[in-house]
Amino acid sequence: MLGSLTKGLPVPIQIIHWVIIVNLLIQCLYGSYMVFFVVTGGHTGPLGDAANKIPFELMMTRRLYASETWIAISGLSLYLGMTEILPRILRK
């Protein structure tokens, strides 16, 4: 179960741990929402051939949101790997 390794930690540390996880999850969801539903140029989902018709500024905005999303996903993966998965592997 997620968080089972943090039960022995002081409550303020547990709160910080969960705030970090929730923050990264929200960033992932927000970035995905912006890329696929808001900054679309009239196209929902992956662009495909429509990428040639989108103005440059809109495409750059979409790419920046996509980069932000990938950074959040990478950060969440690394954080969970170091705080939840690695300690479980080393425990065995």
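Annotations
- Neighbour-count ranking [beta-carbon atoms within 10 angstrom, fewest first] of LYS92, LYS7, LYS53: LYS92, LYS7, LYS53
- Once the convex hull of all Cα atoms in the chain is built, its volume per residue stands at 109 Å³.
- Cα centroid separation, the stretch 71-92 to the stretch 10-39 (Å): 15 Å
- Förster radius 30 Å - calculated FRET efficiency between LEU29 and LEU90, Cβ distance, rounded to 0.05: 0.45
- Between the Cα long axis of helix 11-33 and the first principal axis of the chain there is an angle of about 20°, rounded to the nearest 10.
- Charge sum, other residues only, whose C-beta stays under 14 Å from GLN14's C-beta, Lys/Arg counted +1 and Asp/Glu -1: 0
- Dipole magnitude for the stretch 12-91: about 160 debye, using +1 per Lys or Arg Cβ and -1 per Asp or Glu Cβ, origin at the Cα centre.
- Under the Karplus curve 6.51 cos²θ - 1.76 cosθ + 1.60, θ = phi - 60°, whole-Hz ³J(HN,Hα) for the stretch 54-62, x wherever Gly or Pro sits: 7, x, 4, 4, 5, 5, 5, 4, 5
- If R0 equals 30 Å, the separation of the Cβ atoms of TYR79 and GLU57 corresponds to a calculated FRET efficiency of about 0.35.
Every number in this text was worked out from the coordinates using simple rules, so none of it is lab data. Nothing here was measured: the structure is a model prediction, and the numbers come from that model. A quick note on method: Cβ atoms are made from the backbone with ideal geometry, for glycine too, and the neighbour counts reach across all protein chains shown.
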